[in-house]
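Everything below concerns the one structure shown next.
The values are calculated or read from the model by the stated rules, or taken from the named source; none is laboratory data. For clarity, every value in this text was computed on a predicted model and none was experimentally measured. Don't worry about glycine lacking a Cβ; one is built from the backbone with ideal geometry, like all the others, and counts go over all protein chains shown.
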Ligand code: SF4
Ligand code: SF4
């Protein structure tokens, strides 16, 4: 079978052996949850509950008007104890609703809905009401992604089954244990966006899942044309643009979106959430993640209530060696942020909790650029990281913009291959923000 891929990229050690053969464990009982009110990319929400209110599992607790908003739901039944700012996975404080769990398990889900008989607007409304965001990504609202404008017809829905970040295996386990769920979600999304073809983009380090996914396609694709495309294992194969190029041969233009080449990309967790929203009426109240790392004594693939504090997973659910723990990462090691403590809530899109030991957390002193060109070869977005770095170091935002800093997907492949250990991606993250602010100011001055 042909294996496809994209140009560039890197091969960081996979480190998936620790958890890839461990079945998903579901944690339902926690004593409290700290639910961030704003977990999506978009406009802020308002709390719909007050301190002292009793809430049911699945009840909407924060929402706002506006297209770029996605509601948040209680992940446990209980009493609202506080509404206050807490440190979040992005290392910034954000408002959170703190619920003390009750012994009862009062649950309120939406009525089940047949996605193939309701109108497109009703289906999109269900996706929004279920609080679905891009799980594993930046939290983009799914109901917006699945509603491209009429002049952007969609041909392909691509399931991101690459899970290219080292350590993470939760998607692999979901595909192994419950392949029908994400295939059903894929068929639903194809129906909503009017796509004629679906492609499951599967990295070849997971080719053992091919047959079970093929069976799930036969059983759960609702007559949609869905196929599997094996992809060469390479980082960042799961990046939207890389996946589109590998699966369809199409290239998303600079500054463009997948819909510009008639594609919608969604990851396995998001597609599973779409299926649950219709088939069970269930909003996103659980998050699936991998717990691993050199300091972790009991690696797991887990589904836990959204808002569970990372520290509350230990020691009853998982264990770690405190003396060995040197760094905590929320997500994968290439793109996930390091956080100062475990007193941080797990969000809808937290795909990993990595407890790293000294060897894994080792940092190197930054040396001078030796113009070796490795970063350029590795960049999947055809950028010149060394030139970008020089522009940003010189605070030359005009040049950084011209060289394309906004097109950087922050994958970290350039930093990984740089022999001088230059903190390239860290600088590009800040640089993108600075360029965006500069553009906003320019637009304001121009009265746009
Ligand atoms: S410049 Fe950006 S997109 Fe290119 S390799 Fe570096 S982090 Fe990835
Ligand atoms: S990989 Fe590092 S040292 Fe080599 S050109 Fe890029 S920034 Fe310079």
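Below, the figures for the structure above:
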item	result
Answer from 400, 390 - the residue that is in the same structural domain as residue 436 (by TED's automatic domain parsing), more than 21 Å from residue 233 (Cβ to Cβ) and free of Cβ contacts under 8 Å to residues at least 24 places away in the same chain	390
Which numbered condition residue 392 misses (of (1) more than 10 Å from ligand 1 (Cβ to nearest atom); (2) under 23 Å from the mean Cα position of the chain (by Cα); (3) buried (at least 21 other Cβ atoms within 10 Å of the Cβ))	(2)
Subset of the stretch 395-414 [more than 10 Å from ligand 1 (Cβ to nearest atom) and assigned to a loop (DSSP other than H, G, I, E, B)]	395, 396
Any hit, the stretch 415-426, residues being away from ligand 2 (no atom under 16 Å from the Cβ) and assigned to a helix (DSSP H, G or I)	no
Number of the exception - residue 365 against (1) part of a loop (DSSP other than H, G, I, E, B); (2) within 16 Å of residue 8 (Cβ to Cβ); (3) within 16 Å of ligand 2 (Cβ to nearest atom); (4) touching a residue at least 40 places away in the same chain (Cβ under 8 Å)	(2)
Subset tally (residues that are part of a loop (DSSP other than H, G, I, E, B) and either in contact (Cβ under 8 Å) with a residue 40 or more places away in the chain or near ligand 1 (Cβ under 10 Å from one of its atoms) (or both)) for the stretch 368-387	10
Residue within the stretch 30-49 that is more than 20 Å from the chain's Cα centre (by Cα) and within 24 Å of residue 292 (Cβ to Cβ) present	yes
Residue 402 being within 14 Å of ligand 2 (Cβ to nearest atom), surrounded by fewer than 17 Cβ atoms within 10 Å (Cβ to Cβ) and farther than 20 Å from residue 138 by Cα	no
